[in-house]
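> Below are the C-alpha cells for one structure; questions will follow.
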Amino acid sequence: MKRTKFYSVHKKLGAKLIEFAGFEMPIQYSSIIAEHKAVRNSVAVFDVSHMGEIFIRGKNAFDFVQYVTINDASTLTIGRVQYSAMCYPHGGIVDDLLVYKLDDQEYMFVVNAVNKEKDFSWLKQNNNFNVEIVDESDEYSLLAIQGPKSKEVIQKICDRELDLEYYHFFNAKIAGIDMIVSRTGYTGELGYEIYFKGDEHVAEYVWNQLFEAGKNENIVPAGLGARDSLRLEMGYCLYGNDIDETTNPLEANLGWITKLKKENFIGKETLLKIKEEGLKRKLVPIISYEKAFPRHGYDIVVDGQKVGYITSGTVSPILENPIALGYVSIEYASEGTKINFLVRDKQIPAVVTKLPFIKN
C-alpha cells in the first residue's frame, strides 16, 4: 500500500487507518461524528494527498480539455476552477474532476484517487491534439482545510490576502512554502485546498504550522469517514458509489455541467440521444424519519416492487436522520414521493426530498 507524506503524522495522532484507493489512509482520529461536527462548527484538516494531479500542457491544451470533458472550458479564465466530468462514447462516466486553468497553455486536472491510472490512460488514449500529459500526483501533497473558521486560520500563515472567490485559486506562500491555494471544497462549508511539493519533513512542518495557527479555533484532524458524511449531507456525488461507467451525467443530476451545445466532445452524441428520448431513472435524495441505516446497494421498493437502489447512505450527524442518494425509476423521482428502502427485508418508509439535506 502507498502512503502519503503525512503518514507519520497520522500514526502519531493515533488515526484509525484503512486501505483506500491503494493508500493507507485515516478514516478517523477521534470519532466520525466529532470530526464531522468540527467541520460544520469550526475547522478541520483532511489529508487528501491520495487524489491525482494530471497536467495538460501545449498550444492545443484548451482544445484537448474541451474534447475530453463535458463542461465548457471556454468559460475558464486563468485562476478559475471548474467542476466537470469525462465520459465514454456510450455516455458512462470515466470520472468527475476539477479543471484548473493555470495558463492559456496549461491545465491541471484533479481526479479521484481510485481513478488516477485509468484517467491518465484514457487521456493519453484520446490525445490526438499533440499535448503533453503528465501525472504529477506523487509529487504533490494536498490538504483540505474546511469549516467556517478555515479562512482565519490560513490567513495567519499566508503571505497574501485570502480573498478567493468560490471556485478560484492563486499561488501563495503558506508557512513560507510555495502553494497552489484554491477554494472549492467537498463539505458545503467554507474551505480551502493547498497543493504543495516537498518531502515528509516539509509536509509535517506545514501540518504543524496549520495546527499551531488554528489552536484557538479548536482545529482538529479529520478522516475519510467524516469527509463522506459531510459530502452526503450536501448531496455531492462520490465516484464508485453514485456515479461510474454505468451511469450518465444527465441521470446523475449533473446536467448542469453537461454542455450539450458546445462542439464535439466524447459522449456528446449519446448524451443528446438520452436527453431526446427522456431519462429512464434519476439519482434522488432520500430522507427517512425512522431508526435505520441506509447502505450502498440496498433496494428501494414501492408497493413491494423494486424501483431502484441506494448508492450512498448514512445517518446525518447534524439532522440525526437517515439520508441517502439512490437511483429510482423516473416516475418515482419527484420531490415528495413516498418510497421504502429495504433493511434485511424490512421496509423503512422514506421520502424523496431536495438537496442539500443541510441548509446553511
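> Would you mind telling me which residue in Ser150, Ser329, Ser312 has the biggest mean-square fluctuation in a Gaussian network model of the chain, where springs connect alpha carbons within a distance under 10 angstrom?
Judging by the Gaussian network model, the answer is Ser329.
> A further question follows. Report the label-to-label distance for Asp178 and Lys197 in nanometres (one decimal), using points 7 Å from each Cα along the Cα→Cβ vector.
According to this spin-label approximation, the distance is 0.7 nm.
> With springs only between Cα atoms under 10 Å, which of Gly214, Gly336, Gly92 fluctuates most in a Gaussian network model of the chain?
Gly336
> Further, regarding this structure: Let me test this: with uniform point scatterers at the alpha carbons of the range 234-300, what is the Debye-based log₁₀ I(q)/I(0) at q = 0.17, 0.27 1/Å?
After summing over all Cα pairs, the log10 values are -0.72, -1.39.
> Among Pro285, Thr314, Leu260, which residue has its Cα furthest toward the positive end of the charge dipole of the range 207-360, with +1 on Lys/Arg Cβ and -1 on Asp/Glu Cβ?
Selected residue: Leu260.
> Can I ask one more? So which residue, out of Tyr100, Tyr298, Tyr67, gets the largest mean-square fluctuation from a GNM of the chain using Cα contacts under 10 Å as springs?
With Cα springs under 10 Å in the chain, the top fluctuation among Tyr100, Tyr298, Tyr67 is at Tyr298.
> Would you mind computing, in nm to one decimal, how far apart the modelled labels at Asn130 and Asn321 are, each placed 7 Å from Cα along Cα→Cβ?
Between Asn130 and Asn321, the simple spin-label model gives 5.9 nm.
> Relative contact order, percent, of the chain when contacts are C-alpha pairs under 8 Å separated by at least 6 residues? Show your work: numbers first, answer last.
Numbers: 822 pairs, mean separation 63.6, N = 360.
Relative contact order for the chain comes out at 18 percent.
> Whole Å is fine, so just give me how far the alpha carbon centre of the range 91-135 lies from that of the range 195-249.
Their Cα centres are 21 Å away from one another.
> For the chain, what is the convex hull volume of its Cα atoms per residue in Å³? Please list the in-between numbers first.
Numbers: hull volume 48.2 nm³, N = 360.
Value for the chain: 134 Å³ per residue.
> Using only alpha-carbon positions, what ratio does the radius of gyration of the range 280-360 give when scaled by 2.2 N^0.38 Å? Mind dumping the intermediate values first?
Working: Rg = 11.3 Å, N = 81, 2.2 N^0.38 = 11.7 Å.
This ratio for the range 280-360 stands at 0.97.
Every number here is computed from the coordinates shown, using simple stated rules; none is lab data. Every value quoted in this text rests on a predicted model; they were computed, and no experiment measured them. All Cβ positions, glycine included, derive from the backbone under ideal geometry; neighbour counts span all protein chains shown.
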